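Notes to accompany the following structure.
The values are calculated or read from the model by the stated rules, or taken from the named source; none is laboratory data. Since this is a predicted model, take the numbers as computed values, not measurements. Cβ sites come from the backbone with ideal geometry, for glycine too, and all protein chains shown count toward neighbours. The accessibility values were calculated without ligands, DNA or RNA, using every heavy atom of the protein model including side chains. Shrake-Rupley method; radii C 1.70, N 1.55, O 1.52, S 1.80 Å.
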Amino acid sequence: MSWGVNWKASVGLLGVGIKYLAVTLLVPLVVALVYGEDIWVFLVSMAIVAGLGFAVERVDPDPDLGPREALLFVSLAWIAAAVIGTIPYLIAGYGTASTIGLQTGSVGAFTESIANALFESMSGFTTTGATVLGEISTDRHSHAVLMWRQLTQWLGGMGIIVLMIAILPEVAVNGAQLMESEAPGPELQKLTPKIAETARALWLIYFGFTVVYIAILYGLHLAGMAPKMNLFNAIAHGFTTLPTGGFSPKADSVAAFSAVVQWVVIPFMLVAGVNFALFWHVLRGEVETMVKNAEFRAYAGAVAVVTAVLAVLLFRGAAPPIELGGATQGVAENSLRQAAFQIASLLNSTGYATADFAQWNADAQILLMFAMFIGGSAGSTGGGVKIVRWLIVGKAIRRELFTSAHPDVVRPVRLSGNVVDEDALRGIMAFTILYLVLFGVSAVFLSLDASRIGVQLTMLESTSASLATIGNIGPGFGRLGPFGSYLFFPDTSKLLMIFLMWVGRLEIVPVLAVFISAVDGR
């Protein structure tokens, strides 16, 4: 009896997903038609992706997935999405030699182009928000390519596997195993008897919030309160706020828009960090489910406390004076808005910015890095370790300390009144340790690899680069600040960060489980 992975089944089902992913290219194609830009880029891209999908599907037209095959499929699906996402960038010429100053036709230019396109695509689908495109604007990049860049984050936000389960019967057959492998957080919440219905419910809630948000942003424009928030910008930011992505068609992110827009963005970023299953309960009239949820209370409490501390730091001069204005009333409002925005953005891994926090003092930057470690809620589109894991890790440590003094006492770990299964507890501890180890080792590698080509990274830059990619956060500190770029890193570092974004989105364990199964073969 073989305990290996039936890779053909995983790859065959992957072809189904690739085939239908070609349909998503219709969105930037419509934008290309409206603006008269890059029409052929997306027509050719659609043809390539559709052809690739049909070809890969032939590997196994009738796949049957077991647990290992499900893990492999999920891992491959995210790589495939990122690779497919590079096609429009490469055809349109973004990230090529002319962009980065290499000699056209050189081997270095070719590899750099591939690395840049794959980095940007993986950053999009994993909703990381780190960029290597340099200055972002509709003057330098077409509206259609920028919209594709935004759309990749929206597709990846709730999860491409969840989307496939919701709309493709071929994938829904193995839905429970697939969602278990992709879902952010320690366990999957099944809201309805059929897993496909659960997937559709989550995507409808996600879609509904996106539509409401876009309508509000464009409504502000029509009311004259946000002159720069035209329909293109409203849709573009709608595609990257709810998935906690952070890409913006503006070089200075949300700082390009009025204070009113910034106040509107804050609550939607916070919503994106909440477990979407709780909104399903709220829509059913079960508001107490959200109110009594321990993770939601911890999330709200963390946001409130860290925001308050940062607001005080900013009011007392943690940011350059030019960012906070002159009058006391203006400084107070700006301090609160900047604090609320940056914490809402970084705590749940959105990555938007209204100020260059890389210029803030050390106390404020350390507080922001602390917020990055917290993460959003399980079942949200937020990245990071997740609030629920920190809660359970804290309770587990407390239990160990208690049982050390009282060895005869049996004391289970409880969350929201429910006992946490010991297997789940071990999985959470393993994930947290793996996350921290991978983060630390990667930070050291990034620093050494950059110095190899004569680029010296500060400790804050190397650690924030590692944390921002494995946590799917996006911006870091120093040259990696909210208005900076990852372009100067060598290809080897970019490949490592692509790997970090991938395993960070899949929360490490599914990817490592696939490797272990393949190596052991039993």
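Tell me, Kirkwood radius of the stretch 349-405 from alpha-carbon pair distances, in Å?
For the stretch 349-405, inverting the mean 1/r across all distinct Cα pairs yields 13.5 Å.
In the stretch 289-398, what is the volume of the convex hull around the alpha carbon atoms, normalised per residue and reported in Å³?
Dividing the Cα hull volume of the stretch 289-398 by its residue count gives 108 Å³.
Hydrophobic, long helices, defined as DSSP H runs whose alpha-carbon span along the helix axis is 24 Å or greater and whose mean Kyte-Doolittle value is at least 0.5, occur in the chain at 39-57, 67-92, 107-125, 195-222, 294-315, 387-405, 422-452. In the chain, the DSSP-assigned H stretches of four residues or longer account for a calculated mean residue ellipticity at 222 nm of -21000 deg cm²/dmol, using -39500 (n - 2.57) per stretch and the full residue count as denominator. Computed over the stretch 237-331, the P(r) curve from all C-alpha pair distances, binned at 10 Å from the origin, holds 13, 33, 34, 16, 4 percent per bin.
The alpha-carbon of Lys19 sits under 21 angstrom from the alpha-carbons of these lysines, leaving out residues fewer than 8 places away in its chain: Lys8.
Here is the P(r) of the chain: all C-alpha pair distances, binned every 10 Å from 0, give 4, 19, 30, 28, 15, 4, 1, 0 in whole percents. The accessible area of Thr432, taken with all protein chains in place and a 1.4 Å probe, comes to roughly 10 Å². Nonpolar atom fraction for the chain, defined as the carbon and sulfur part of the 1.4 Å probe accessible area, stands at 66 percent.
In the stretch 182-297, one over the average inverse separation of all distinct C-alpha pairs is 15.6 Å, which is the Kirkwood hydrodynamic radius. Residues whose amide H falls under 5 Å from that of Leu415, counting only those 5 or more places apart or on a different chain, are Val420, with hydrogens built in the peptide plane. For Lys292, a cut-off of 27 angstrom between C-alpha atoms picks up these lysines, skipping any fewer than 8 places away in its own chain: Lys190, Lys194, Lys386, Lys395. Against the empirical curve 2.2 N^0.38 Å, the C-alpha radius of gyration of the stretch 422-522 lands at a ratio of 1.18.
Taking every pair of alpha-carbon atoms in the stretch 223-274, what share in percent sits in each 10 Å bin, from 0 to the bin with the longest distance? With 10 Å bins starting at 0, P(r) equals 24, 62, 14, 0.
Between Leu231 and Gln359, the distance separating the two model label sites (each 7 Å from Cα on the Cα→Cβ line) works out to 3.6 nm. Listed by chain and number, the lysines placed with their C-alpha closer than 19 angstrom to that of Lys250 are Lys228; residues fewer than eight positions away on the same chain are left out.
Accessible area per residue for the chain is 40 Å², calculated with a 1.4 Å probe on protein heavy atoms, without ligands, DNA or RNA.
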